[in-house]
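**Student:** My questions will all concern the structure given below.
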Amino acid sequence: MNIHEYQGKALLKANGVPVLEGVHCMTVEDALAAYDQLGSKVVAVKSQIHAGGRGKGTLYHPESRAHVMDGGVKIAFSRDEVNTYATNILGNVLVTIQTGDEGKIVNNLYVEAGCDIAHEYYLAILVDRENKSVLIMASTEGGMDIEHVAETTPEKIHKISVDPNAGLLGYQKRDLALALGLTGAAHKSFGKALSSMYSMFVASDCAMLEINPLVKTADEQIVALDAKVSFDENAEFRHKSWDELRDLSEEEDVEIRAKETGLSYVKLDGNIGCLVNGAGLAMATMDVIKLYGGEPANFLDVGGGANEEQVKTAFSIILEDPNVKGILVNIFGGIMRCDIIARGVIAATEALDLDVPLVVRLAGTNVDEGKAILAASDLNIHPADDLAEGAQRIVELIGGAA
Amino acid sequence: MAIWIEEDAKVLVQGITGKQGQFHADKMVEYGTQIVGGCTPGKGGQSVDLQGKAFPVWDSMFEAIEATDADATVIYVPPPFAAEAIMEAADAFDSIKGEGVVVCITEGIPTLDMVKAVAFVENRPGVRLIGPNCPGIITPGDGGGAKIGIMPGHIHAKGRIGIVSKSGTLTYEAVAQTMSIDEGQSTCVGIGGDPVNGTGFIECLAAFEADEQTQAIVMIGEIGGNAEQEAAAWAAENVTKPIVGFVAGATAPPGKRMGHAGAIISGGKGTAEEKFAAFEAAGIACAKDPSELGSVLLESLKKAGLR
């Protein structure tokens, strides 16, 4: 789960990490009031969306798609400029390298006081899958695309692996500060900020905490100038406050509804809907559809113990997508019995008046009963014995390869 | 021989009084697994009925292992308590026997809980953790066998193919594929789809390589992380038995979690393409479609003079 920069900064501040004064705004009037309140000659006017590359992004009109302004993060030197930038940003669509061509509507702004920057650094805390521990990454090359730095000058990225039993140790903070060339007051300020960020990462069950840039100010203080925070959704049960931080407009409505009914759904661009049990098999089903020339419309895992009702919900979610021209059901019954799935499929096709071709491949527990139930129905359901046959069949039925 | 779990392994069930725990414990007994009881804090002294027989419940894993001399435990405890259940089992096995296998089925454990639990288990080298978020481990026997997890037992048969996979139903698919060419399995291990887990691919490959019963290996990966690439590089140097591989997620979009917490392409890394390339570079015979695993395996067995 991702949150906005302004929310991330509030969290950093609450955890004792220095950030600049800023105000969250949703209207141009808010932004002007924020400018007056901050009393800073220079302010940053920052689009708030859940995607990176905002500074180099482009704003377009949401309907006409006419070009409005280059740059989703602007430095304003006057009240008039704040007015112009806020007007150009709010309600318009911001396209960045991470949003895709569609872009995202900007509903939130962050107006932040300026500061005197001496140097920009990069800092991130994340879970390192290979070492099974928390990893801290820092670089002197702040404000840049870190993947580019990793490829071109990997020696400029410094890493610390935190022992889960010992936690972040003093020497690790000192070594990292020295590797970044920080001395004196800045060294001390960095150590303190890093401790606070690590504590926040653990206490808030973060999946990722990325500060790019983390800056050293002219007066040798370390300040978080940006904040990209995401949480580990598995830990949601112990963080009631996340409900308030969640911006539902940033998530696919249908994906949220699927999740509420225990289904895992991701929308894709193709025209063959898939309904599968198990995440690995659901991915493999998409892959095999593509292998035989089709394009999957979605990822959908109904889970290990789905009932008739969930199968019906799954069908209705797939059919909401107007691109869907056919559906492939692929079930390997383990805990889930094929006869139950077969009944669910029949109930759903009848209830939803299914009018696209449907191929059903069943295997595993009670497969013979399942197949018999499907065969006995007078519905237009095409059986398949294995995944390859199922995929080929559905591609044929929708009129051949895309 | 098989790996880690013998056909007659004695198995405890943590969370045996819960709905999931009881349901699957019953299925395990039905398959022939030697279940010796279970553990649910606060319910010690009670018993649970499985296949018409009463099985004892203990309050703690220390008591349960002391009383039964169990070899393994399987965890069906909800996510908020699962990491602690893993650590309790690891501590008890280590203190009492110096060894034991802990299989965690639970999906949805917070990642930082697993970071802690995995470090805890790694401090007890005799204890092996399998999972979490996995179907478990099964060693099919001559009649029955040891099924520790949620996989459908009846699709398996004892044989010489070792299977290791990140995914549940895709493992069943692989099992069915071996059966389609008249091959059974030595042991099937589901290592799980979480970003931080216990036993990994390399440990499974090493164990299959050392196991006399296993003569060929099927390895199934998915997008996210680089465990498959590391395993392939390791296999190229260390595994002499034929390996057949598949990777799920070639069509997955970047930056989106595909069901499993760990199945995500981040920063352009961890794609199926990368993983297939690593498999091929290591001489692993790849199937581009799981329905072809059987025929690719048959080909590999023939090449190795095993058919």
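**Student:** Please indicate, with yes or no, whether at least one residue in region B:39-54 is assigned to a loop (DSSP other than H, G, I, E, B) and among the basic types (Lys, Arg).
**Tutor:** yes
**Student:** Let me ask something else about it. Scan B:VAL175, B:VAL189, B:VAL164 and give me the residue that is in contact with a His (Cβ under 7 Å, 6 or more places away or on another chain) and closer than 18 Å to B:ILE217 by Cβ. Don't jump to the end; show me each part of the working.
**Tutor:** Numbers: B:VAL189 fails: in contact with a His (Cβ under 7 Å, 6 or more places away or on another chain); B:VAL164 fails: in contact with a His (Cβ under 7 Å, 6 or more places away or on another chain).
Sole residue among the options that is in contact with a His (Cβ under 7 Å, 6 or more places away or on another chain) and closer than 18 Å to B:ILE217 by Cβ: B:VAL175.
**Student:** Based on this model, can you work out whether B:VAL244 counts as crowded, with 24+ Cβ neighbours inside 10 Å, under 20 Å from the mean Cα position of the chain (by Cα) and not in a loop (DSSP other than H, G, I, E, B)?
**Tutor:** For B:VAL244, the condition - crowded, with 24+ Cβ neighbours inside 10 Å, under 20 Å from the mean Cα position of the chain (by Cα) and not in a loop (DSSP other than H, G, I, E, B) - is met.
**Student:** Taking the conditions exactly as written (at pLDDT 95 or above and open to solvent by 10 Å² or more (accessible area, probe 1.4 Å)), does A:SER199 satisfy them or not?
**Tutor:** The answer is yes for A:SER199.
**Student:** Please work out if B:ALA119 is more than 9 Å from chain A (Cβ to nearest Cβ), among the small types (Gly, Ala, Ser) and over 13 Å from the mean Cα position of the chain (by Cα).
**Tutor:** no
**Student:** Out of the residues in region B:131-178 meeting the condition of being aliphatic (A, V, I, L, M) and part of a helix (DSSP H, G or I), tell me which one is nearest to the other protein chains (Cβ to nearest Cβ).
**Tutor:** B:LEU170
**Student:** Something else now. For the subset of region A:346-402 comprising residues that are small (Gly, Ala, Ser) and in contact (Cβ under 8 Å) with a residue 60 or more places away in the chain, which member is farthest from the other protein chains (Cβ to nearest Cβ)?
**Tutor:** The residue in question is A:GLY399.
**Student:** Keeping to region B:100-143, report how many residues are in contact with a His (Cβ under 8 Å, 6 or more places away or on another chain) and surrounded by fewer than 24 Cβ atoms within 10 Å (Cβ to Cβ).
**Tutor:** Number satisfying all stated conditions: 0.
**Student:** So B:LEU298 ticks every box in (1) open to solvent by 10 Å² or more (accessible area, probe 1.4 Å); (2) of a type outside the set (Val, Ile, Thr); (3) within 14 Å of chain A (Cβ to nearest Cβ) but one. Which box is left unticked?
**Tutor:** (3)
**Student:** May I ask you to list the residues in region A:312-347 that are farther than 23 Å from B:HIS154 by Cβ and open to solvent by less than 30 Å² (accessible area, probe 1.4 Å)?
**Tutor:** A:ALA314, A:PHE315, A:ILE317, A:ILE318, A:ASP321, A:VAL324, A:GLY326, A:ILE327, A:LEU328, A:ILE346
**Student:** Report, ordered by the first and then the second residue, all pairs with beta carbons closer than 9 Å, sequence separation of six or more or different chains, a first member in region A:258-269 that is more than 13 Å from B:GLY259 (Cβ to Cβ), and a second member that is in a helix (DSSP H, G or I).
**Tutor:** Listed by first residue and then by second, the contacts come to A:THR261/A:GLU309; A:THR261/A:GLN310; A:THR261/A:THR313; A:THR261/A:ALA314; A:THR261/A:ILE317; A:LYS267/A:VAL254; A:LYS267/A:GLU255; A:LEU268/A:MET286.
**Student:** Follow-up question, since we're still on this one. Taking A:LEU180, is it farther than 28 Å from A:LEU38 by Cβ, open to solvent by less than 60 Å² (accessible area, probe 1.4 Å), in contact with a strand residue (DSSP E or B) (Cβ under 9 Å, 6 or more places away or on another chain) and not small (Gly, Ala, Ser)? Steps first, answer last, please.
**Tutor:** Numbers: farther than 28 Å from A:LEU38 by Cβ: yes; open to solvent by less than 60 Å² (accessible area, probe 1.4 Å): yes; in contact with a strand residue (DSSP E or B) (Cβ under 9 Å, 6 or more places away or on another chain): yes; not small (Gly, Ala, Ser): yes.
When the stated conditions are applied, A:LEU180 passes them.
**Student:** Going by the conditions given, is A:ILE289 at the interface with chain B (Cβ under 8 Å from one of its Cβ atoms) and either open to solvent by 30 Å² or more (accessible area, probe 1.4 Å) or touching a strand residue (DSSP E or B) at 6+ places or on another chain (Cβ under 7 Å) (or both)?
**Tutor:** So A:ILE289 passes the test.
**Student:** Select from region A:205-219 the residues that are touching a residue at least 60 places away in the same chain (Cβ under 8 Å), surrounded by 16 or more Cβ atoms within 10 Å (Cβ to Cβ) and either over 19 Å from the mean Cα position of the chain (by Cα) or part of a loop (DSSP other than H, G, I, E, B) (or both) and list them in ascending order.
**Tutor:** Passing the criteria: A:PRO213, A:LEU214, A:VAL215, A:LYS216, A:THR217.
**Student:** Name, by its number, the condition in (1) buried (at least 24 other Cβ atoms within 10 Å of the Cβ); (2) touching a Phe, Trp or Tyr at 6+ places or on another chain (Cβ under 6 Å); (3) away from chain A (no Cβ under 14 Å) that does not hold for B:PRO290.
**Tutor:** Among (1) buried (at least 24 other Cβ atoms within 10 Å of the Cβ); (2) touching a Phe, Trp or Tyr at 6+ places or on another chain (Cβ under 6 Å); (3) away from chain A (no Cβ under 14 Å), B:PRO290 violates only (3).
**Student:** I would also like to ask the following. Given the conditions (1) more than 17 Å from A:ALA51 (Cβ to Cβ); (2) within 14 Å of chain B (Cβ to nearest Cβ); (3) small (Gly, Ala, Ser), which single one is not true for A:ALA86?
**Tutor:** (2)
**Student:** Which one is nearest to the chain's Cα centre (by Cα), of the residues in region A:220-231 that are open to solvent by less than 10 Å² (accessible area, probe 1.4 Å) and more than 13 Å from A:LYS9 (Cβ to Cβ)?
**Tutor:** A:PHE231
**Student:** Here are some residues: B:ALA236, B:ALA277. Which one is away from every other protein chain (no Cβ under 14 Å), over 27 Å from A:ASN298 (Cα atoms), open to solvent by 10 Å² or more (accessible area, probe 1.4 Å) and part of a helix (DSSP H, G or I)?
**Tutor:** B:ALA236
The values are calculated or read from the model by the stated rules, or taken from the named source; none is laboratory data. Not measured: the values here are computed from a predicted model. Glycine gets a Cβ as well: all are built from the backbone with ideal geometry, and neighbour counts include every protein chain shown. We work out accessible area using only protein heavy atoms, side chains counted, and drop any ligands, DNA or RNA first. Shrake-Rupley method; radii C 1.70, N 1.55, O 1.52, S 1.80 Å.
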